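The values are calculated or read from the model by the stated rules, or taken from the named source; none is laboratory data. Just so you know, these numbers come straight off a predicted model, no measurement behind them. As a convention, Cβ positions derive from the backbone with ideal geometry for all residues, glycine included, and neighbour counts pool all protein chains shown. Areas reflect the complete protein model, heavy atoms only, side chains present, ligands, DNA and RNA absent. Shrake-Rupley method; radii C 1.70, N 1.55, O 1.52, S 1.80 Å.
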Amino acid sequence: MQEQVNILAIETSCDETAAAVVQNGREVLAEQLYSQADIHREYGGVVPEIASRSHVEKLPHIVPAAIDGAGGKEQIDAVAVTYGPGLVGALLTGVSYAKALAYAWGKPLVPVNHIAGHICANYISHKELKPPFICLVISGGHTQIVKTLDYTSYETLGQTRDDAAGEAIDKVARVLGLPYPGGPNLQQLALAGDSARYEMPRVFKGESHLDFSFSGLKTAVINMLHRMDQAGEAYKKEDVAASFLKAVADTLANNTFEAARRQGMDVLAVAGGVSANTQVRQAFEARAAKEGIKLYFPEMKYCTDNAAMIASAGYYAYMDGRRGDMTLNAKPVLELL
């Protein structure tokens, strides 16, 4: 068995163009990332066609820079790429580029599930972390509680039935007049607010399942703001933001820690863009300290989309014998198995 395995990974599932080389799933040798946030800000959100075109423009610069940073293509053992879930056009740019590289170099091609990548981001930040553990994945399009059975095997214990937490956060931020990206701006606003000022609705009271629903909470906030605006009632946006985010954080924590209790597990990880949220981190840290749970978060730069996490997941898939070929296609909807 090889002692050192270097995986080049490409990530283009949404609006980040990223490439990285990671050794043995844990050590980042080189990484490059181009954010399109400034491009999409004027539209108030990601425009898929613009995102795809930007990936096409940036990949020929981002990928070679990562390869050079790791010592050249001779150091690469396999090429991993996100093939889903995500925006289909954006995914296709990365998949096409990765297939071309793997074919030209005669290297193995490894397909990677984006959600698995988020989970594996914790392996980069915490070298000691090993399965099994419970992981909450919270990003712009996904909210699910996953039992990580081993490095390539997962079981979903609960997931959102409508809006993901990140989607609800972005929509409330937009209604409050905050610029894109909504999540970080809403967080900053909430830090100056009173989280007890407004009582927010909670769903699924007493049910046995571990699913989430954030559509009702989002709608309740929007209706409340419309009602107060029409009545000429004064309110502080900071208090609305703080009360809303507390409801989101408490709901995420309640279901996730309940999942850990039911599974008899005392190790819990959180991953995805919303895991960078201060209110969410505080809620989880307080609960973990109270219940004696070992808690892991990725470093801030590995919470949002990046290629290092895809390279980590790619390494474990590679070691498990998983391979793609030239028929590999993008899958915008893809289950985590």
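A few comments on the model shown:
- Of Lys99/Lys171; Lys171/Lys331; Lys147/Lys205; Lys58/Lys331; Lys127/Lys236; Lys237/Lys331, those spanning more than 32 Å from alpha-carbon to alpha-carbon: Lys99/Lys171; Lys127/Lys236; Lys237/Lys331
- Beta bridge orientation in the chain: antiparallel %, DSSP, nearest 5: 60 percent
- Rounded to the nearest 20 debye, the dipole magnitude of segment 1-67 is 60 debye, with +1 charges on Lys and Arg beta carbons, -1 on Asp and Glu beta carbons, and the Cα centre as origin.
- Anisotropy class of segment 1-159 from Cα gyration tensor, a/c 1.5 cut: oblate
- Charge dipole (Cα centre; +1 on Lys/Arg Cβ, -1 on Asp/Glu Cβ; no other charges) of the chain amounts to roughly 360 debye.
- Surface composition of the chain: carbon and sulfur make up 49 percent of the accessible area, probe 1.4 Å.
- Degrees separating the helix 48-69 axis from the principal Cα axis of the chain, which is the longest one: 50 degrees
- For segment 32-135, the residue among Pro132, Ala66, Gly45 whose Cα projects farthest onto the positive side of the dipole built from Cβ charges is Pro132.
- Rounded to 10°, Cα long-axis angle of helix 114-125 versus longest principal axis of the chain: 80 degrees
- Positive minus negative residues near Thr156 (Lys, Arg vs Asp, Glu; Cβ under 12 Å): -2
- For segment 72-153: rounded, prolate or oblate by the Cα gyration tensor [a/c cutoff 1.5]: oblate
- Local net charge near Lys294, Cβ-Cβ under 12 Å (Lys/Arg +1, Asp/Glu -1): -3
- Solvent exposure of the chain as accessible area per residue, Å², 1.4 Å probe: 43 Å²
- Remark: relative contact order (the chain) = 26 percent; criterion is Cα-Cα distance under 8 angstrom and separation of 6 or more residues.
- Taking packing as the residue-averaged number of other Cβ atoms within 10 angstrom, the listed peptides 108-119, 219-230, 314-325 run from highest to lowest as 108-119, 314-325, 219-230.
- Degrees between helix 88-105 axis and first principal axis of the chain (Cα, 0 to 90, nearest 10): 20 degrees
- Segment Arg197-Thr278, extension gain: residue separation times 0.36 nm, minus the distance between their alpha carbons: 27.3 nm
- Exposed loop sites here are GluC sites (Glu not before Pro) assigned a DSSP state other than H, G, I, E or B and surrounded by at most 10 other beta carbons within 10 Å; excluding them, the longest clear run of the chain is 234-337.
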